[in-house]
1. In nm, to one decimal, how far is the residue 263 label point from the residue 151 one, both placed 7 Å along Cα→Cβ?
2. May I ask for the equivalent-ellipsoid semi-axes of the chain, computed as the square root of five times each C-alpha gyration tensor eigenvalue and listed largest first in whole Å?
3. What is the gain in length, in nm to one decimal, between residue 313 and residue 56 on full extension, counting 0.36 nm per residue of separation less the C-alpha to C-alpha distance?
4. For the chain, give me the percentage of DSSP beta bridges that are antiparallel, rounded to the nearest 5 percent.
5. Among 51/319; 24/92; 77/169, which pairs are too far apart, with a Cα-Cα distance over 31 Å?
6. Let me check against my output: what whole-number percent is the relative contact order of the range 130-274, with C-alpha pairs under 8 Å and at least 6 apart?
7. Which value at 222 nm does the chain reach when only helices count, each DSSP H run of 4 or more adding -39,500 (n - 2.57), with the total divided by all residues and rounded to the nearest 500 deg cm²/dmol?
8. Could you calculate the contour length gain from residue 186 to residue 305, that is, 0.36 nm times the residue separation minus the distance between their Cα atoms, to one decimal place in nm?
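The numbers here are math on the coordinates, done by the rules we state, and not lab data. In this text the structure is predicted, and so the values were computed from the model without any measurement. When we count neighbours, we look across all protein chains shown, and the Cβ atoms used for this are built from the backbone with ideal geometry, even at glycine.
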Amino acid sequence: MKRTLLAVAALCAVTFAHAADPVKIGFLVKQAEEPWFQDEWRYAEVAAKEKGFALVKIGIPNGEKTMAAIDNLAAQKAQGFVICAPDVKLGKAIERAAKRNNLKVVSVDDRLVDGSGKPIESIPHMGISGYAIGKQVGEGIVAEIKARKWNMADVGAIRVAYDQLPTAKERTTGAIDALKAAGFPAANIIDAPQAKTDTENAFNAANIALTKNAKFKHWVAVGLNDEAVLGAVRAAEGRGIKADNMIGIGIGGAKAAESELSKPAATAFFGSVMISAKEHGYQTSVNLVNWINGKGTPPAEILTKGMLMTRANQAEVRKAMGQ
Ligand code: GLA
């Protein structure tokens with residue numbers, strides 16, 4: 001009898017301990033080495049400390065690692081995860097894996113799509129307004145072209161492209177549309193498709209574009225993020241095209257942009273439209289935890305804004321973005 005009671009008491013203790021365990025969520029990102037994603041993780045950690053939930057950070061460079069990470073989270077008794085997938089077409093598989101494991105899922109940065117390429121509405125998302133932010137890039141470049149009194153006919157534009165990712169296509173389309181709206185000749189725009197969204201692949205893509213179009217006197221460069229534009233800037237430098245003959249504006253504003261904009265001598269990396277890693281890391285996590293705690297489903301789609309940051313206003317922009 002006594003033994004049975006003890007056993008029951010022990011069982012209750014286990015149950016209570018379990019009920020009192022903090023919520024645990026995963027934060028899965030496609031490129032853990034990229035400063036943007038490290039910032040997102042950093043702000044998710046701030047949220048975890050503040051709100052008292054457990055955070056598991058996992059890098060998911062491919063589909064296989066993504067599926068393994070979801071199973072791993074379930075085995076660790078997590079209740080949900082935030083994800084920026086290595087391929088948005090994994091959307092349905094991710095949703096199925098989450099359901100199977102009873103995990104709630106929200107996406108960040110890259111919106112997950114179904115087999116026909118349509119956004120999966122049942123997965124709440126936070127991303128940037130790609131086209132609008134791309135337009136800010138293009139408008140920033142146009143203003144600088146005008147300030148330098150360049151003749152647009154002499155300027156080549158490199159669009160470092162990664163069109164299989166919808167947000168990447170929206171961003172670079174916005175940038176190019178802003179150039180065209182200001183009278184930039186469509187014939188001077190060169191697509192440079194990158195195989196992966198990092199600086200090395202952008203460098204290789206831009207190098208080919210530069211080799212094939214040696215006729216231009218000046219250059220501008222756009223891409224989906226800072227790494228893309230940095231790649232183009234480095235490729236141009238390799239050919240002697242420097243800050244006075246090139247204007248590159250990226251998107252992101254994390255460490256890569258910060259160190260480039262803080263170099264004693266200006267490079268062709270003219271600026272970056274800074275976006276909010278803080279909101280993406282902190283708020284997605286909090287929204288997910290609230291959802292797990294029965295405090296409402298996160299909004300279906302939140303689009304965040306950006307601010308053009310250059311060497312001239314770096315400190316103010318960081319302050320205004322709270323980063
Ligand atoms: C995509 C890009 C990242 C970053 C985020 C911002 O995921 O690959 O570099 O720009 O969007 O939302």
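1. Placing both labels 7 Å along Cα→Cβ, they lie 3.0 nm apart.
2. Here the semi-axes work out to 44, 19, 16 Å.
3. Taking 0.36 nm per residue and subtracting the Cα distance, the gain is 89.0 nm.
4. 15 percent
5. 77/169
6. After rounding, I find 25 percent.
7. -14000 deg cm²/dmol
8. That pair, residue 186 and residue 305, stretches by 40.1 nm at full extension.
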